[in-house]
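In what follows, a single structure is set out as C-alpha cells and then discussed.
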Amino acid sequence: MSLTLHVDGPRWREHLLGVVEQTPGIVPVAKGNGYGFTVGRLARRAQWLDTHAERTGSRVDVVAVGTYDELPEAASRYDGDLLVLTPWRPTGQDVEVAASLGTRVVHTVSRLEDLGGLTAGDPRARFVLEQLTSMRRHGMHRRELQRAAEVVADAGLRGLRGVAMHLPLGTTSHLSEVTRLLNDVVASGLPTRTVYVSHLTAEELARLRSSYPDFTIRPRVGTGLWLGDRGALRVRSTVLDVHEVDRGDTFGYRGRSVPKSGHIVVVSGGTAHGIGLEAPTGEQSLKARAATLARGGLDAVGFVRSPFSIDGKQRLFAEPPHMQASMLFVPSGARVPGIGEEVDVRVRFTATGFDRVVVS
Ligand SMILES: *Cc1c(COP(=O)(O)O)cnc(C)c1O
C-alpha cells in the first residue's frame, strides 16, 4: 500500500554502465533524496559500477554527495573518495563529520579564508577549489584563485585535488565560459590540471579534451546518470479505497460537495512524498481556460489536475493531497479501479520520497 518506484533492473543497470562507458572520468552525484533512489542506494550502485570498470573502461573512484550530513549514508556503502559539493564552512558539522571519515573526504573550498580555516585544522585535508561561474552560486574569482595558489605554495599544501566549476544548465554553449575559466586556472599557477565540471554535453567535453589535452576533466553527473533512461522507471501508487458518490454528497477535510455522480478514489501518495498540486498542463491560454469553463469541465468547479492517472487518463484531485494519501474524483462512466490495484503517477524524481524502491 505504498508509493513505489519500480525499476526495470536489467535495463537501468545497462543504462548506467553505458553512461559510465561514454563518460570517462565520471563522478556520480548522489545527493538530496538520491534522485528518488536514496543516497545510500546510489552509493551502493556506484560501488557496483566501479566493480565493472573492466567493461566500462572507467573506474568510479569518487562519488559526490551534496552535504556533510550526507557523508555517513554514502560512506558506509561506497569505499572510494567522497567529494562534498557544498563548500566547506568553519562550522561544527563540516569539521566533525569529515574528521570521522579521515582521508576519504574531498572538500570544496569556495573562499580564500576557508582554505586557511580548513587546512589550519587539518594540514593534510584534501580539497578542490571552486571557481565562480555565471551561475554565481559559490566560488572564487580569478584574483582569489591566484591568491589561493600562493597560499598552497607558501604553506606547502599537498591536498589540492583540482578545481571545480558548476555551470548553468546548458541552453547555449558553455565552451567560451569554460575556456576562460581554464585559462584562469593556468594563469593562477595552481599545481593541478584536474577540473570537476557539471552540465557539459558529450560534444563539449570532447572539444575541451582536445583543446586542453594536459587537463583531466571529470564530469559530475546526477540526473543524466540515474534518471537518464526514464523508460526504465515507473512510479505507481496503490488504490487504498473507493467510494461511490452522488451529486451533492459531501467529502473531504473541507466538507465539499460532489458536483456530479462518480467515485472518490483514495490512493497512496501525499504531501509527505512530495506529491503536490499540478499546474494544468497543455492549453494554458486564457482563451483555452475560458473555453473549459464554458464547457463546465470539472476543473471549472475547482478540481485540480493530479499527477495520478488511471487507464492512461490523468485524474483530478477531489481535494488537495493529504499527508500520505490523495483523494481523486472519477466521474461516472469511467472504469473504477479496484482496491489494491496500482495506478501510474507522474512525479519529479528530485522532489519525491518513495515508500519503496523495487529494482528487478
Ligand atoms: C547537483 C549537482 C550536480 C549534478 O547535477 P545534475 O543536473 O543532477 O546532473 C553537479 N554539480 C553540482 C555542484 C551539483 O550541485
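Some values worked out for this structure:
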| quantity | calculated |
| --- | --- |
| GNM result for the chain, Cα springs below 10 Å: residue of W12, W226, W48 fluctuating most strongly | W48 |
| Relative contact order (%) - criterion: Cα under 8 Å, at least six apart; region: the chain | 20 percent |
| The chain: angle of helix 9-22 to the longest principal axis, Cα-based, in degrees nearest 10 | 30 degrees |
| Point-charge dipole on Cβ atoms (K/R +1, D/E -1) for the chain, about Cα centre, debye to 20 | 580 debye |
| Share, in percent, of DSSP beta bridges within the chain that are antiparallel, nearest 5 | 50 percent |
| Among G312, G262, G18: highest mean-square fluctuation, GNM of the chain, C-alpha pairs under 10 Å | G312 |
| Relative contact order for segment 97-239, counting Cα pairs under 8 Å that sit 6 or more residues apart, in percent | 19 percent |
| Cα centroid of segment 193-235 to Cα centroid of segment 67-133, whole Å | 22 Å |
| Relative exposure of L225, L132, judged by other C-beta atoms within 10 Å (fewest first) | L132, L225 |
| I275 long-range amide H proximity, modeled H, under 5 Å | G270 |
| Peptide ranges 117-128, 245-256 listed from the most packed, as the mean C-beta count within 10 angstrom indicates | 117-128, 245-256 |
| Pairwise label distance in nanometres, R348 with K313, each label 7 Å out on the Cα-Cβ vector | 2.8 nm |
| In Hz, Karplus ³J(HN,Hα) per residue of segment 213-226 (6.51, -1.76, 1.60; θ = phi - 60°; x = Gly, Pro) | x, 7, 9, 9, 9, 10, x, 8, 9, x, 3, x, 7, 5 |
| Under-5 Å amide H pairs with V245, H placed in peptide plane, nonlocal only | G262, H263, I264 |
| For V359, residues with placed amide H under 5 Å, excluding near neighbours | V7 |
| C-alpha long axis of helix 202-211 to longest principal axis of the chain, angle in ° | 10 degrees |
| Translational diffusion coefficient (Stokes-Einstein; Kirkwood radius from C-alpha pairs) of segment 120-235 at 37 °C, 0.692 mPa s, in µm²/s | 213 µm²/s |
| The chain: angle of helix 39-51 to the longest principal axis, Cα-based, in degrees nearest 10 | 60 degrees |
| Square roots of 5 times each gyration tensor eigenvalue, C-alpha, the chain, largest first, Å | 48, 21, 20 |
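Bear in mind these aren't lab numbers, they're just calculated from the coordinates by the rules spelled out. Source: prediction; values computed, not measured. With ideal geometry, Cβ positions are generated from the backbone for all residues, glycine too; neighbour counts draw on all protein chains shown.
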